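Presented below is the structure to which this report refers.
Please treat every number below as a calculation from the coordinates, not as lab data. Given the structure is predicted, the values throughout are model-derived calculations rather than measurements. Every residue, glycine as well, gets a Cβ built from its backbone with ideal geometry; the counts of neighbours run over all protein chains shown.
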Amino acid sequence: MSVRSKDPTFVYLVARAAGPLFFSVLATTNLVYQVEVAHLDPLRLLLVGTVLELTCLVLQVPTGLLADAFSRRWAVAVGTALIGAGFVLEGMVPRFTAILIAQVIWGAGATLSDGADDAWITDEVGVEPAGRLFLRGSQIGQVTGLAGIFVGVGLASIRLNLPVVVGGVLFMLLAVYLFLAMTEAGFRAIPRHSRGTLAGMAAGARSSLGAIRARPLLLMILAITVVGGLSSEGVDRLYQVHFLKDVGLPRFAGLSPVLWFGLISGGSALLGIAITQVIRRRLDLGDHQLVTRSLLAFTAARAVALAGFALATNLAVAIAFIWVANVMRQAFGPVQRAWLNQSLDPANRATLFSVDGQADALGQIVGGPIIGAVASGVSIRAALVASAGLLGLALPLFMRAHGQASGEPIKATTGDVA
């Protein structure tokens, strides 16, 4: 490979372009596939999500410790391959049990790569450049994700399982590229005498817990992540069903539900690209209070938009509200990662990113069955209103975080390792 092809910034941006592209190919119509081909009802849809998040909850921290102790390159590459394998299984076998197994496989892959990629690029280029790369990568991913929507819709028009299978295969090819292209010049693993031992990983776990206890802001960030998870699982699993069952998608001009969801996702992506560009130019990621106020505003706007979407009976109004909700979520993600990254120590950065992912999984595991029960026992509208209400619980947490100091991360100590 050429020198440029192994440049960390270049490789990271390739991953940030390819990942959303491939995920959009398979995800845009994945719920339609689960409803129309696998015949999953709302409760089973939520159970599928719960199995995925339970897998993430159990594996997030162990996989983060592996990435910190051994190799973030291996973690990212193997994780990406497992994501692809899980989706290939789901697309090939449209049965409830097989789809549950697929969630375990791709959930394990997601926990391996989640956090390890951001920790890797931070080690290679530094904290401040990494924060800017998070936003730049998010914007590139929104562009490629938009293209993936139309590819996915085109494939689904041929056969509903096709985008799921093709997207999975593409993820597996991406894994091969990442394994060959990623370098680890800035990575410092656990010392060799402890590598490969449980004692070394236990020391990493103690180090990470000590860092969390020493930084009240980290605890507040994790609490906010839990609340976000409580809300997001119901929305992710039910918003397309809400369009299909409650709002209705007319078939004028030959627009099938698959094409409608492609247009809805495409509109969200275009708006998200514009908003992310404004954030890149205007938001100082080093200003703790400004970042906190911005995240609070994103969250409040998303909660209001979700409530409006849940209650909307007109298609245009429902689309407008879901666009606002999705754009606020797209704006939130990279800014939150940069906010968290500033509080992390290099020695356990991947582990603490994984703890944040675990907090999200915990929220989704708790919130998913509750929202599913409301959807089955009351209505999908009521479930989406409940999701908006749960998201609102994050607002006082942001207000408290606003008054807490950011400062430099406290260096975590690994202690003596046997």
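Each residue of region 383-391 was assigned a 3J(HN,Hα) from its phi angle through the Karplus curve 6.51 cos²θ - 1.76 cosθ + 1.60 (θ = phi - 60°); the sequence is 5, 6, 4, 4, 4, 5, x, 4, 4 Hz, with glycine and proline shown as x.
Residues of region 54-91 with an amide N closer than 19 Å to a point placed 7 Å from the Cα of Lys6 along the Cα-to-Cβ direction: 71-78. Put in order of Cβ neighbour count within 10 Å, fewest first, the listed residues Thr29, Thr55 become Thr55, Thr29. Neighbour counts of other Cβ atoms within 10 Å put His288, His402 in the fewest-to-most order His402, His288. In order along region 370-376, the Karplus-derived 3J(HN,Hα) couplings, from 6.51 cos²θ - 1.76 cosθ + 1.60 at θ = phi - 60°, round to 5, 5, x, 5, 5, 5, 6 Hz, and Gly and Pro are given as x. Can you give the FRET efficiency to the nearest 0.05 for Ala300 and Leu255, using r as the Cβ-Cβ distance and R₀ = 35 Å? So, using R0 = 35 Å, E works out to roughly 0.60.
Relative to the dominant Cα principal axis of the chain, helix 257-282 is inclined by about 40°.
Taking the Cα centre of region 210-347 as reference, the dipole from Cβ charges on Lys and Arg (+1) and Asp and Glu (-1) amounts to some 100 debye. Each Lys and Arg adds +1 at its Cβ and each Asp and Glu adds -1 at its Cβ; summed about the Cα centre, region 34-185 shows a dipole of about 400 debye. Here the spin labels are modelled as points 7 Å beyond Cα on the Cα-Cβ line, and at Leu283 and Ser376 they lie 3.7 nm apart. One compactness figure for region 2-93 is 1.33, namely its Cα radius of gyration divided by 2.2 N^0.38 Å. Tell me the angle of helix 198-214 to the major Cα principal axis of the chain, expressed in degrees between 0 and 90 and rounded to the nearest ten. That helix lies at roughly 80 degrees to the long axis. Under Stokes-Einstein, with the Kirkwood radius over Cα pairs as Rh, the value for the chain at 25 °C and 0.890 mPa s is 114 µm²/s. Based on DSSP H segments of at least four residues, each scored -39500 (n - 2.57), the chain has a per-residue ellipticity at 222 nm of -27000 deg cm²/dmol.
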